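Data first, discussion second: the structure below is written as C-alpha cells.
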Amino acid sequence: EMCPKCGKELVKRNGKFGEFIACSGYPKCKYIKPDSSAQAELSGEVCEKCGKPMVKKFGKNGEFIACSGYPECKNTKSLKNKPQEKLEIPCPECGGEVIKRFSRRGAFYGCGNYPKCTFISKYPLIATKCPKCGGAMCEREFRKKHIYECLKCKEKIEQN
C-alpha cells in the first residue's frame, strides 16, 4: 500500500500503544493510520451521545472506552474506577463536600459541586478556622515545618 500524502510505501510499526501503519518516508512524511488487523474490542456499552457502540482502547492514562463513531463523536469514559476520597470539612465557598481529585499536575482538593462552585486547594482542609479572619485553613509543609495556613488571608500557624 502506498502513502496517500507522499506516495512512498506504508510499513507496519510498533509503538507503545500497539501496532500502526506509517509512511516509510518518516520524518519528512508523518502519515499514520491504525493497524486494520487490530480489531477493536466492543465494551458492551452504547454511546449516550450518538447511540453507536463503545469500544475499549488503551492510551497514556490507561484503558478507556470510546465511541466507535470517532472522529464525528468524541465521547470517552475512563475505566479507572478510583473511589473518591471525601473530606469531612465542607466547602468554604458553598458548603458542599470537598473531594480529592487528580490532574496532570498531581492531586488537589475541589468542591463536589463543580462547575457551579469553583473552589480548589492544593492542600487538604482542616476543621480549624483562621483566628484572624475566620476563613478556611489547610495543612501544608512550609520551610520543612508542618503549618496551618489560611486560604483567605494567608495567616500561618506553626504546628507542634
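Any read-out appearing in this document is the output of simple, stated calculations on the displayed coordinates, not a laboratory observation. Not measured: the values here are computed from a predicted model. Cβ atoms come from the backbone with ideal geometry, glycine included; neighbour counts cover every protein chain shown.
Some observations on this one:
- Compared with the direct C-alpha span, the chain from K122 to F102 gains 6.2 nm at full extension, assuming 0.36 nm per residue.
- For K145, a cut-off of 22 angstrom between C-alpha atoms picks up these lysines, skipping any fewer than 8 places away in its own chain: K122, K129, K132, K154, K156.
- Measuring nothing but how far apart in sequence close Cα pairs (under 8 Å, 6+ apart) lie, relative to its length, the chain scores a relative contact order of 8 percent.
- In whole percents, the pair-distance distribution calculated for region 86-158 from its alpha-carbon pairs, binned every 5 Å from zero, is 3, 18, 26, 24, 19, 8, 2, 0.
- Surface/4 of the Cα convex hull for region 1-134, nm²: 12.6
- Excluding same-chain neighbours fewer than eight residues apart, the lysines reachable from K57 by a Cα-Cα span under 17 Å are K16, K33, K74, K77, K80.
- Farthest toward positive dipole pole in the chain [+1 Lys/Arg, -1 Asp/Glu at C-beta], among Y70, C3, V55: C3
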